[in-house]
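Student: I have a structure here, written as structure tokens, and I will follow up with some questions on it.
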Amino acid sequence: MKNLFFLLMFVPMIAFADQGSPTLEAITNALNSGDADALSKYFAENVEISIQDKEQVYSKAKALDVVRGFFTSNKPKGFSQVHKGTSRENSDQYCIGNLTASNGNYRVYLYLKVSGDDLFIQEMRFDKE
């Protein structure tokens with residue numbers, strides 16, 4: 001009976017413990033659906049965005065406009081993560097994936113800065129394949 005009580009109390013706490021913090025899964029879900037607003041929740045204060053050969057550092061608000069414009073011109077049909085990892089020097093993370101869009105396919109590179117329990121997108125690249 002004690003074990004059952006423990007499971008009923010402890011398991012839900014584990015399941016809901018990470019809900020409030022941003023995750024790579026939430027970021028890839030936003031890419032999958034082409035939801036620029038959801039994606040912008042994870043932007044750092046300044047985000048380096050590269051779309052094909054055009055590269056620039058934008059404020060968080062301007063980066064939202066740029067990504068929203070990209071998704072408008074290239075309506076996402078799906079995103080699949082190919083690789084993810086952690087940098088050697090620190091706990092920053094990266095993700096590489098494929099974005100299928102209405103106007104072609106793109107290889108997407110993300111560099112995520114870790115700050116405490118939070119992840120922030122510091123760099124995004126969209127390279128047409």
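The values are calculated or read from the model by the stated rules, or taken from the named source; none is laboratory data. Just so it is clear, the model here is predicted, and its values are computed rather than measured. Cβ coordinates were reconstructed from backbone atoms using ideal geometry, including for glycine residues, and neighbour counts include every protein chain displayed.
Student: May I ask you to list the residues in region 106-119 that are farther than 14 Å from Ser87 by Cβ and touching a residue at least 24 places away in the same chain (Cβ under 8 Å)?
Tutor: Once the filter is applied, which keeps residues that are farther than 14 Å from Ser87 by Cβ and touching a residue at least 24 places away in the same chain (Cβ under 8 Å), region 106-119 yields Tyr106, Val108, Asp117, Asp118.
Student: Inspect region 10-24 for any residue being on the phi < 0 side of the Ramachandran plot, at pLDDT 95 or above and of a type in the set (A, V, I, L, M) and give the result as yes or no.
Tutor: No, that holds for no residue.
Student: Restricting attention to region 71-94, does a residue exist that is in a helix (DSSP H, G or I), within 13 Å of the chain's Cα centre (by Cα) and touching a residue at least 24 places away in the same chain (Cβ under 8 Å)?
Tutor: No, because not a single residue in region 71-94 is in a helix (DSSP H, G or I), within 13 Å of the chain's Cα centre (by Cα) and touching a residue at least 24 places away in the same chain (Cβ under 8 Å).
Student: Counting only residues that are of a type in the set (A, V, I, L, M, F, W, C) and exposed (fewer than 12 other Cβ atoms within 10 Å of the Cβ), which one in region 31-86 is farthest from Glu123 (Cα to Cα)?
Tutor: Val82
Student: Also, I was wondering about something else. Looking at (1) in contact (Cβ under 8 Å) with a residue 40 or more places away in the chain; (2) in a strand (DSSP E or B), which is the only condition Leu31 fails?
Tutor: (2)
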